[in-house]
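Input: a single structure, listed below in structure tokens.
The values are calculated or read from the model by the stated rules, or taken from the named source; none is laboratory data. In this text, all values refer to a predicted model and were calculated from it rather than measured experimentally. Positions of Cβ are generated from backbone atoms using ideal geometry, with glycine treated the same way; all protein chains shown enter the neighbour counts.
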Amino acid sequence: MRVRMLTWLAIGSFVLLIPATAGALPITISGGTAGTIPGGAGVNDFIPTLFPGATISGFYGSTIDFSVAATSTLTLDFFGGEADFSDEFDYLGVQRFAHTAGTLISPNLSSPLGTFTTTINGSGVLSFVFDAHSDASHVANGSNPNNAAHNQLGPNFFASCNPFSATPQPTNCDTVYLFLDDSGGGPDVDYDDMLVRARIQAVPEPATLVLIGLGLFAGSLAVRRRN
């Protein structure tokens, strides 16, 4: 009877943990036009280094929104780029990453060239800006031009929840990839001038952490008693 009780306690702890880790997805790609990159005759240098396939699916001209019910962790990862100019990525008005002119790309998605982590709560437009052409121009989230026609003169970004050529492309996720085109090629619309990944993950509450530990402990006792 005691073993059975401990087993059900472990199962109950796991069930209680599910809402904290598998709730509503915190990131939404709002608006824009579905499409693929690179556009036109451009060549995206993140393919195939970071992503397999010939193209990447996502959205032109979209806005990145977030919504979290409790304090969560926001992680920004920088993977470099292939650019004619010096480009930067700002979050909350502070520069987090910079890419000088030239080509420098991370060898894989597990090895970003830079990482910034903070906490986030509430909902709204994710507050980031891409500065392009050594700060001569910029594109802010919420005012991203739609370059689905591949004729936009000026920086804009392409957003993807699943950059592995998935169609139809999801609009809700916990991880979004942001591909900058700084229009340095007139424009070249290859969207490989800078790549930033944004991830939002829930922070387990203390009570949840206790349940996790209790569940693991009870489960181990049950296994030992059964053996």
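For segment 107-136, a residue qualifies if it is within 17 Å of Phe179 (Cβ to Cβ) and assigned to a strand (DSSP E or B), and the qualifying residues are Gly114, Phe128, Val129, Phe130, Asp131, Ala132. Restricting segment 75-87 to residues that are surrounded by 19 or more Cβ atoms within 10 Å (Cβ to Cβ) and more than 14 Å from the chain's Cα centre (by Cα), which is modelled with the lowest pLDDT? Of everything passing the filter in segment 75-87, Phe85 is modelled with the lowest pLDDT. The set of residues in segment 27-63 that are under 23 Å from Ile200 (Cβ atoms) and in a loop (DSSP other than H, G, I, E, B) comprises Gly31, Gly32, Phe46, Leu50, Phe51, Gly61, Ser62.
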